[in-house]
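The structure appears below as structure tokens.
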Amino acid sequence: MKQVTIMSSVHPWNDTRIFHREAVSLANAGYAVTLYAIESNRKYQNEITNLTVKTLPKKSKLKRFQTWFRLHHIARKSQASIVHLHDPELLPLGYFLQKFHKKQVVFDMHEDFPAVLQSKKIAKHAFAKPILRFVAYVEKKMLQKVSAVVFAEAYYKENYQDVLTKQVDIYNYPFLQEPMSVPKYEIPTLVYAGAIHEIRGFKEMLDVARLLKMAGHTFQILIIGQVPTRLETYASDFQRKHGLEQEIKLIGRVDLSQLMTYYAKSHIGLALLHPVGNYLRSLPTKIFEYMSFSLPYVLSDFEAYQELATSTSSGIAVDAEKPHEIAKQIQFLLKHPEEQKRLGENGYMYHQVKFNWATQEQRLSKLYQSILEEK
């Protein structure tokens with residue numbers, strides 16, 4: 001049985017893409033998979049045949065180099081046929097493993113790395129520009145040495161047309177979802193799931209709750225994900241000030257199975273990202289998850305987002321930095337349940353025929369087969 005080692009120094013072991021999709025798919029395909037990733041609030045129960053999980057302690061940014069050295073040692077000693085890496089900071093590790101230790105390395109690109117660098121505060125300083133150009137240059141040189149690069153979004157590869165390494169798009173589509181026999185919440189429920197940050201619309205969601213309550217609506221907003229302490233404090237103060245303790249629920253991070261239940265019981269999905277570099281063209285995974293549960297959604301009006309919502313007729317695009325506009329569209333959906341139903345049904349239809357993991361699982365399997373055949 002061919003061995004595969006998957007590694008992340010940033011993501012929790014039960015990350016949806018890394019564990020639930022790629023690791024499980026490879027294990028089901030007959031590979032002996034060992035996943036090294038960061039510990040989370042859940043323990044792996046060895047419930048997947050051929051899949052072993054080894055957790056690593058979460059380190060501060062200043063100490064993460066300790067994790068890199070540990071992963072390098074593990075990968076170098078491993079008998080794995082393929083080492084699959086998931087973070088930009090592990091690319092040097094992949095370079096050394098492939099070049100000096102003759103490992104077959106797959107680098108999985110989750111984000112538009114050049115755009116992320118440009119969005120950092122330091123990028124605004126003149127002295128940073130040559131440094132960022134150098135980092136981009138080194139990144140491409142290292143990518144030239146690995147066996148394959150996986151892009152989570154099609155447009156990512158526009159930055160790497162001069163990189164000759166094998167490239168494949170494997171999108172973050174959800175598993176093909178059959179309708180769940182779970183009753184909806186008794187009151188209209190808005191849901192957001194994902195990373196929690198100002199630029200992901202956290203404060204706008206709170207303000208939308210204030211506006212909906214002022215307009216006399218009965219509702220609740222479920223915000224699912226790990227909330228930073230500063231935003232948890234902000235939310236608590238905001239709730240007390242506006243009497244929103246019952247309307248705004250901070251759920252925290254949950255595992256995929258729990259998340260699916262929250263989706264099934266909710267009515268409208270939210271994806272109110274700000275117009276920041278990496279977000280403008282990178283479609284949020286949560287949109288496809290909403291579609292898989294027949295949830296209409298309200299999302300940012302970036303060109304790529306608006307095109308998806310319009311072409312599938314499954315959601316509504318708004319200016320995500322204007323809570324009054326967001327609240328207006330949500331009120332429209334709350335007052336027109338037949339429109340909610342129509343948009344949700346359209347989204348689910350596209351989920352069934354196009355936006356589901358089965359189509360991407362085939363690409364992952366073919367990529368691994370091609371790497372092993374060339375070895």
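All of the numbers you see were taken from the coordinates with simple rules; none came from a lab. The structure displayed is predicted, hence computed values, not measured ones. Reconstructed Cβ throughout: ideal geometry from the backbone, glycine too, with neighbour counts over all protein chains shown.
Quick notes
- About its Cα centre, the chain has a charge dipole of approximately 1600 debye under the convention of +1 per Lys or Arg Cβ and -1 per Asp or Glu Cβ, with nothing else charged.
- Average Cα contact separation per residue, the chain, under 8 Å, 6 or more apart, as relative contact order %: 14
- Amide H contacts for ILE316 (H built 1.01 Å from N in the peptide plane; partners 5 or more residues away or on another chain; cut-off under 5 Å): TYR297, VAL298, LEU299.
- With distances taken between every two different alpha-carbon atoms, segment 3-59 has a Kirkwood hydrodynamic radius of 11.0 Å.
- With R₀ set to 56 Å, the beta-carbon distance separating LYS322 from PHE100 gives a calculated FRET efficiency near 0.60.
- In segment 161-216, the GluC sites (Glu not before Pro) that fall in loop regions by DSSP, at most 14 other Cβ within 10 Å: GLU186
- Of GLU232, GLU247, GLU47, the one that fluctuates the most in a GNM where the chain has Cα springs shorter than 10 Å: GLU47
- Distance (nanometres) between label positions extended 7 Å along Cα→Cβ at GLN352 and LYS157: 3.0
- Model label zone, GLN3; criterion: amide N under 18 Å from point 7 Å along Cα-to-beta-carbon; scope segment 353-373: 372
- Candidates LYS61, LYS140, LYS213, ranked by Gaussian network fluctuation over the chain, Cα under 10 Å, top entry: LYS61
- Here the Kirkwood formula puts the hydrodynamic radius of the chain at 22.0 Å, using every distinct Cα pair.
- Where the alpha-carbon atoms of segment 40-96 are placed on the principal axes, they occupy 32, 29, 18 Å, in descending order.
- Two-decimal Rg/Rh across segment 1-118, once Rg and the Kirkwood Rh are taken from alpha-carbon atoms: 0.95
- Inter-label distance for SER370 and SER257, nm, one decimal - labels placed 7 Å from Cα along Cα-to-Cβ: 3.6
- For segment 220-288, the convex hull spanned by the alpha carbon atoms encloses 119 Å³ per residue.
- FRET efficiency, 1/(1 + (r/R0)^6) with R0 41 Å, evaluated for GLU39 and PHE332 via beta carbons: 0.40
- Which listed pairs, of LYS184/LYS366; LYS286/LYS366; LYS2/LYS286, have C-alpha distances above 28 Å, in listed order: LYS184/LYS366; LYS2/LYS286
- Note on LYS63 and ASN46: the extension gain reaches 3.2 nm, defined as 0.36 nm multiplied by sequence separation minus the Cα-Cα distance.
- Residue of PRO92, PRO179, PRO296 that the Gaussian network model of the chain assigns the largest fluctuation, springs spanning Cα pairs under 10 Å: PRO179
- One chain, two ends: ALA29 and ARG133. Fully extended at 0.36 nm per residue, the span grows by 33.4 nm beyond their Cα-Cα distance.
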